[in-house]
1. Treating the beta-carbon of each Lys and Arg as +1 and of each Asp and Glu as -1, no other charges, what is the dipole magnitude of the stretch 12-101 about its Cα centre, to the nearest 20 debye?
2. Once both labels are modelled 7 Å past Cα along the beta-carbon direction, what's the ALA24-ARG143 spacing in nm?
3. If you roll a 1.4 angstrom probe over the protein chains with everything in place, what fraction of the accessible area of the stretch 39-178 belongs to carbon and sulfur, to the nearest %?
4. When the gyration tensor of the chain is built from Cα positions, what are the square roots of 5 times its three eigenvalues, in whole Å, from largest to smallest?
5. For the stretch 1-72, what are the per-bin percents of Cα-Cα distances with bins 10 Å wide, up to the bin holding the maximum?
6. Beyond a 24 Å Cα-Cα separation, which of these cross-linked pairs lie in this structure: LYS4/LYS192; LYS192/LYS234; LYS112/LYS234; LYS110/LYS142; LYS11/LYS210; LYS11/LYS112?
7. How do ARG97, ARG30 rank by accessible surface area computed with a 1.4 Å probe, from largest to smallest?
8. Counting only heavy atoms of the protein chains, get the accessible area per residue of the stretch 5-245 (1.4 Å probe) and round it to a whole Å² value.
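The values are calculated or read from the model by the stated rules, or taken from the named source; none is laboratory data. Computed from a prediction, not measured in an experiment: that's the story for all the values here. All Cβ positions, glycine included, derive from the backbone under ideal geometry; neighbour counts span all protein chains shown. Quick note on the areas: whole protein, heavy atoms, side chains included, nothing else; ligands and nucleic acids left out. Shrake-Rupley method; radii C 1.70, N 1.55, O 1.52, S 1.80 Å.
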Amino acid sequence: MRRKLVAGNWKMHGSHAANAELLAGITAARPFGCDVAVCVPTPYLSQAAVALAGSDVRWGAQDCSAHAQGAYTGEVSVAMLAEFGCRYVIVGHSERRQYHAETDQLVADKAKAALASGLTPIVCVGETLAQREAGETELVVKRQLSAVIHALGHCAGEMVVAYEPVWAIGTGQVATPEQAQAVHALLRAQLKAATPHAEAMQILYGGSMKPDNAAVLLAQPDIDGGLIGGASLKAADFVAICRAAG
Ligand code: PGA
């Protein structure tokens, strides 16, 4: 049995006061029967590191630079994230692909940089509504994942993959368990062709996962956890999803 991972993606939300309350609510609910992480805005990494130190709740960032250092104003390197104790970094979230024109190759380069600094990349893939309706879901997610597999080579087994259908993100329109499982199975098969570790890899589902739909999604054989946006901002909701995961 793969251990499940529930990771919160706070996106651009939070304040010192709100984060303190949220983190306290999460740590107070321990222990969890699954891996739990919060991916917070970069300025709050040190707050998360202090609040979560000594607990088994992990923390991470939502993006990183593909470069090690240099004249890249506004960028944050993976080595910097590592100094804040980050375990994870999300790469290739659809909001980055959409609003910051991130290509498959850039996402792959970021994933590679993350692994090189000892962070686990949470690599997001997912199709838009138009792509799903055009029957291109498989083509799109395979193309996105294949760029990362190619870049990571024999380390591909060390990433976490998150399937996030773009049409389900923040919309309340969750994928059905069958729709999600079908894509997760495709991704697992693709990983199997690339790495002997595919069976042990965590493939998360993300897109309007909430306390009331988490259990049925997490019961699918290839859904190994969740990447949680909106519902990760309320401790009670996030904790309820962690409970559903184990
Ligand atoms: P959502 O976001 O749970 O608010 O749909 C998920 C994500 O974007 O990671």
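1. Working: 5 positive and 7 negative charges, 21 e Å.
Dipole of the stretch 12-101, to the nearest 20 debye: 100 debye.
2. 4.9 nm
3. Numbers: 3390 of 6370 Å².
Of all accessible area on the stretch 39-178, carbon and sulfur atoms account for 53 percent.
4. Values: eigenvalues 120, 99, 56 Å².
Over the Cα atoms of the chain, the semi-axes work out to 24, 22, 17 Å.
5. Histogramming the stretch 1-72 at 10 Å steps yields 18, 49, 25, 8, 1 percent.
6. Numbers: LYS4/LYS192 19 Å; LYS192/LYS234 36 Å; LYS112/LYS234 32 Å; LYS110/LYS142 18 Å; LYS11/LYS210 16 Å; LYS11/LYS112 22 Å.
Pairs exceeding 24 Å: LYS192/LYS234; LYS112/LYS234.
7. The ranking, largest first, comes out as ARG30, ARG97.
8. On the way: 10150 Å² over 241 residues.
Using a 1.4 Å probe on heavy atoms only, each residue of the stretch 5-245 averages 42 Å².
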